[in-house]
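The next block holds one structure in the form of structure tokens; read it before the comments.
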Amino acid sequence: MFARRSPKPSGEVPMKTVLCEKLGIEVPIILAPMGLAAGPRLAAAVSNAGGLGTLAPWLADIDVVRRQIRETRTLTSRPFAVNLNMAYPQEERLEACLEEGAPAISFFWHDPGKLVARAKAGGAVVLQTVGNASDARAAADNGVDIVVAQGWEAGGHVCGTVATLPLIPAVVDAVGPVPVVAAGGIADARGLAAVLALGAAGAWIGTRFLAAREAAIHPEYQACVLAATENDTAYLEDLFDIETWPAAPHRALRNSTVMAWEAAGRPPAGKRPGEGDVLAALPNGRQVVRYRGSTPVAGVTGAIEALSMWAGQSVALVRKVLPAAEIVREINDGSDAILRRLSGQLAAVR
């Protein structure tokens with residue numbers, strides 16, 4: 001069997017894996033850390049649906065970190081995670097997360113080192129995102145509870161260069177029995193079923209939740225996501241790099257900014273077309289210049305289409321805005337049905 005199932009009081013039969021046991025959740029789906037696009041409302045909605053919602057206050061003031069965790073707790077009584085980007089110092093934010101009782105901490109980008117032990121001592125389940133099997137082994141040796149293997153197809157910032165299909169079994173073989181969560185290119189039931197078949201214990205999903213009703217993104221950004229095909233994203237070594245950490249490859253929709261840069265021969269920073277142009281303004285009035293890594297959130301005004309619209313290659317599968325809970329149920333139940341059907345087909349062959 002691909003997953004173990006246990007009955008719910010309602011009589012429904014949810015699909016469960018070891019990931020669910022580790023995190024205390026009902027379905028093997030984790031909301032990817034999407035920065036400002038995924039605040040307490042979206043995180044709580046995913047958790048309330050049985051998955052694991054995630055906050056990503058990477059550079060937020062400590063008071064904001066505490067406020068987001070407390071707000072999430074008012075919206076859900078179920079587990080959720082806080083993601084910390086190790087491109088920045090995170091000791092103080094981690095302490096705030098633990099003091100506020102965050103059930104899970106996930107680390108991204110660089111090796112979190114001693115912060116893993118600190119998070120576990122503080123009572124949190126610890127996840128770490130990696131892009132290859134070597135880093136996965138190092139994470140497991142460092143004591144992480146769950147390894148997230150991120151494929152090259154993923155949207156936003158991408159920490160590796162290997163596609164999800166070959167990456168997942170390589171990481172599973174490298175760190176077993178530590179549970180592995182698959183990230184990158186997963187946006188529907190077929191994707192979840194596929195990575196479970198590869199040995200993953202669950203899926204880490206971001207792009208699909210850009211079309212959740214609770215996503216805090218600009219309507220124009222959401223419309224671009226809904227209209228995009230699998231060919232409409234670009235893997236960029238360091239294009240939207242202003243006011244973000246250096247050498248940070250990412251994947252975003254190929255918009256007018258990306259196309260103008262490509263047409264100019266992909267020049268380096270300082271020589272890019274339109275560099276320094278003011279494109280938009282944040283809700284607080286702060287200006288957004290071209291090539292700034294800035295998620296177009298609700299309330300931003302200006303040339304939304306020209307901003308960094310993060311999205312993965314699974315964007316072609318995103319065609320409808322739905323409540324986050326419905327997205328979780330659709331992916332989980334559909335995957336369960338696929339795996340049951342495959343099991344039945346295999347049994348019939350035998």
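Please treat every number below as a calculation from the coordinates, not as lab data. Computed from a predicted model, the values in this text were never measured in an experiment.
Summary of values
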quantity	calculated
Interchain or long-range residues, amide H under 5 Å from Ala104's placed H	Phe80, Val82, Val125
Relative contact order [Cα under 8 Å, 6+ residues apart], the chain, whole percent	17 percent
Extension gain, Ser256 back to Ala163 (0.36 nm per residue minus Cα-Cα distance, nm)	30.8 nm
Gain upon complete extension [Tyr88, Leu322; 0.36 nm per residue less C-alpha separation]	80.9 nm
Euclidean distance between Cα centres, segment 220-248 to segment 129-194, Å	21 Å
Max mean-square fluctuation residue, GNM over the chain, Cα-Cα springs under 10 Å, options Ala227, Ala136, Ala163	Ala227
Gain upon complete extension [Lys271, His110; 0.36 nm per residue less C-alpha separation]	55.0 nm
Residues with amide H under 5 Å from that of Leu52, placed H, sequence gap 5 or more	Ile29, Ile30, Leu31
Antiparallel bridge percentage (DSSP; both residues within the chain; nearest 5)	35 percent
Stokes-Einstein D in µm²/s, Kirkwood radius over Cα pairs - segment 172-226 at 10 °C with 1.306 mPa s viscosity	126 µm²/s
Under-5 Å amide H pairs with Val288, H placed in peptide plane, nonlocal only	Leu279, Ala280, Ala281, Leu282
Structure-based [θ]222 nm, the chain - -39500 (n - 2.57) summed over DSSP H runs of at least 4, per residue, nearest 500	-10000 deg cm²/dmol
Å³ per residue enclosed by the Cα convex hull of segment 201-350	147 Å³
Orientation-averaged projected area, Cα convex hull of segment 99-250 (nm²)	10.2 nm²
Rounded Å value of the spacing that divides the Cα centres of segment 264-336 and segment 57-82	23 Å
Within a Gaussian network of the chain (alpha carbon springs, distance under 10 Å), most fluctuating of Gly151, Gly51, Gly299	Gly299
Debye intensity ratio I(q)/I(0), log10, the chain, q values 0.06, 0.09, 0.12, 0.13 Å⁻¹ (C-alpha model)	-0.20, -0.46, -0.83, -0.98
Nearby aspartates and glutamates by direct alpha-carbon distance to Lys271 (threshold 15 angstrom, same-chain neighbours under 8 apart not counted)	Asp238, Asp241, Glu262
Relative contact order [Cα under 8 Å, 6+ residues apart], segment 82-224, whole percent	15 percent
Highest-fluctuation residue, Ile331, Ile168, Ile62 considered, GNM on the chain with Cα pairs under 10 Å	Ile62
